[in-house]
Amino acid sequence: MIHVIDNYHAADHQPLLRSMFADRKRLFVDLLGWELPVVDGQYEVDQFDNAHTVYLVTADTNGEHEASIRLFPTTHPHMLGTIFPHLCPLGVPVGEAIWESTRLCLPQRHGAERRRALRNMLFSAMVDVALERGIERYTGVIPEPFRKEVLAMGWQAEPLGPAVRIPGGPIGAFLIHVRPDTPERLRWTGVYADAADRVPA
């Protein structure tokens, strides 16, 4: 199932969050070689993992982390605005109804087909959360090949600037509009999964 976690410090969420942070470390630090903070040698946790963060986490039947994505309000210091503003030559979009999506974690152990299904579940939940909470737009920064895929998924989305080359490959910023018709638009391309279908394999 997908957990929407608002309270970073809630005791009942700690085992799942620890599992998530450990998977993030294995994916982003160990596999991809990103230079990110690591806590106790096993958890990838940065300055944007705090009381303002909302996590969407898919858990398996044992309650362990399968995949996740992080949502963060742009009214607070956030990744695009503080680390990557140069990716938005026309300015970084900020506002009460604009949130940032980052740290999409799809562990390699699942295999390509399962990772794609988990990604679709998380994107579907991300849209539902936006419609429920009055979020009108999501921003983010991702590798350029994935940005091209995200922009073509069916929702109304746009680049926020050209791709910029960094040591790990080109990256770019994006903006996604979330409107009442977004679920239907994502159904056209097979991305949106209804809540009843978002269950562990």
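The values are calculated or read from the model by the stated rules, or taken from the named source; none is laboratory data. Small disclaimer: the values here were computed from a predicted structure and weren't measured. Note that each Cβ is placed from the backbone with ideal geometry, even for glycine, and that neighbours are counted across all protein chains shown.
Each row is one residue, and each column tells you yes or no for (1) crowded, with 17+ Cβ neighbours inside 10 Å; (2) modelled with pLDDT of 95 or more.
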{"site": "F21", "(1), (2)": "yes, yes"}
{"site": "P37", "(1), (2)": "no, no"}
{"site": "L56", "(1), (2)": "yes, yes"}
{"site": "F72", "(1), (2)": "yes, yes"}
{"site": "T75", "(1), (2)": "no, yes"}
{"site": "P93", "(1), (2)": "yes, yes"}
{"site": "Q108", "(1), (2)": "no, no"}
{"site": "G111", "(1), (2)": "no, no"}
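Give A163, A173 a once-over and let me know the one that is touching a residue at least 60 places away in the same chain (Cβ under 8 Å) and among the hydrophobic types (A, V, I, L, M, F, W, C).
After ruling out the rest, the residue left standing is A173.
A quick yes/no check of all residues on (1) within 17 Å of S68 (Cβ to Cβ); (2) in contact with a helix residue (DSSP H, G or I) (Cβ under 7 Å, 6 or more places away or on another chain); (3) of a type in the set (S, T, N, Q):
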position: R119; (1), (2), (3): yes, no, no
position: L122; (1), (2), (3): yes, no, no
position: P143; (1), (2), (3): no, no, no
position: P159; (1), (2), (3): no, yes, no
position: P162; (1), (2), (3): no, no, no
position: P167; (1), (2), (3): no, no, no
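Anything in region 9-29 that is more than 13 Å from C105 (Cα to Cα) and outside any loop (DSSP other than H, G, I, E, B)? List them, or say none.
Residues satisfying the conditions are A11, D12, H13, Q14, P15, L16, R18.
Inside region 48-63, can you point out the residues that are under 16 Å from P107 (Cα atoms) and in contact with a Pro (Cβ under 8 Å, 6 or more places away or on another chain)?
Those that are under 16 Å from P107 (Cα atoms) and in contact with a Pro (Cβ under 8 Å, 6 or more places away or on another chain): T58, A59, D60, G63.
So which strands (runs of 3 or more DSSP E) stay within region 115-201 end to end and still have 2 or more residues that are within 23 Å of P73 (Cβ to Cβ)?
Qualifying strands (runs of 3 or more DSSP E): 137-143, 156-159, 169-177.
Residues that are within 17 Å of the chain's Cα centre (by Cα), under 22 Å from D49 (Cβ atoms) and either in a helix (DSSP H, G or I) or among the basic types (K, R) (or both): does region 83-93 have at least one?
no
Which of the residues that make up region 118-148 are surrounded by 16 or more Cβ atoms within 10 Å (Cβ to Cβ) and among the aromatic types (F, W, Y)?
F123, Y138
Hey, any hits in region 164-172 for a residue that's farther than 21 Å from V29 by Cβ, among the small types (G, A, S) and buried (at least 21 other Cβ atoms within 10 Å of the Cβ)?
Scanning region 164-172 turns up at least one residue that is farther than 21 Å from V29 by Cβ, among the small types (G, A, S) and buried (at least 21 other Cβ atoms within 10 Å of the Cβ).
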